[in-house]
């Protein structure tokens with residue numbers, strides 16, 4: 001692995017994991033959902049570690065730019081957070097990653113360090129806060145999610161108003177049962193199963 005790749009990997013780790021200390025200090029009481037996030041996140045990170053490493057090297061070798069793209073987002077309590085996605089354009093490897101739906105796999109680091117939850121509103125860019133309007137107050141009270149109600153409804157990332165409506169519904173009905181139902185629906189969709197099967 002070359003110096004450039006090592007530097008890029010260190011930068012990602014520094015940006016993603018560097019926020020965790022302040023976030024953990026501000027949320028000392030670990031709730032049950034956070035415990036689930038941490039347990040599942042660690043298990044998935046260990047399981048996918050070889051794939052993460054292989055895709056990182058493959059993207060770097062394929063050219064077309066760095067392996068990761070930096071995605072700033074607003075976290076719990078309005079905190080400034082950073083996620084990294086795999087680059088999904090510019091090479092056949094990147095195209096395969098996008099087709100396989102793996103571009104957000106590096107966000108498992110955010111899940112483990114507490115910046116993301118398994119289920120929640122879609123991570124919001126700071127430039128989109130105004131569009132969210134009053135819904136942003138509710139958004140900032142929870143951790144954004146790896147998936148959420150927006151995913152079960154196929155709401156595009158660019159459709160901010162529809163996302164805000166879905167998020168407000170999620171905030172109003174949020175419960176363990178709802179989170180588990182959303183996870184089941186998303187998993188079923190990835191496996192090609194019907195929700196009612």
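Here, each number is a calculation from the coordinates, and none is a lab measurement. Computed from a predicted model, the values in this text were never measured in an experiment.
Things worth noting here:
- Unit Cα scatterers, Debye sum, the stretch 62-126: log10 I(q)/I(0) for q = 0.13, 0.19 Å⁻¹: -0.39, -0.74
- All Cα-Cα distances of the stretch 117-197, cut into 10 Å bins from zero to the largest, leave 18, 53, 24, 5, 0 percent in each bin in turn.
- Per the Debye calculation on the stretch 62-197 with a single equal scatterer at every Cα and no solvent contribution, log₁₀ I(q)/I(0) for q = 0.12 Å⁻¹ amounts to -0.50.
- Cα centroid separation - the stretch 75-101 against the stretch 145-162, whole Å: 16
- Calculated log₁₀ intensity ratio I(q)/I(0) where the Debye formula runs over C-alpha points of the stretch 60-99, q = 0.16, 0.28, 0.31 Å⁻¹: -0.47, -0.86, -0.98
- Its convex hull of Cα atoms gives the stretch 28-76 a direction-averaged projected area, equal to a quarter of the hull surface, of 4.9 nm².
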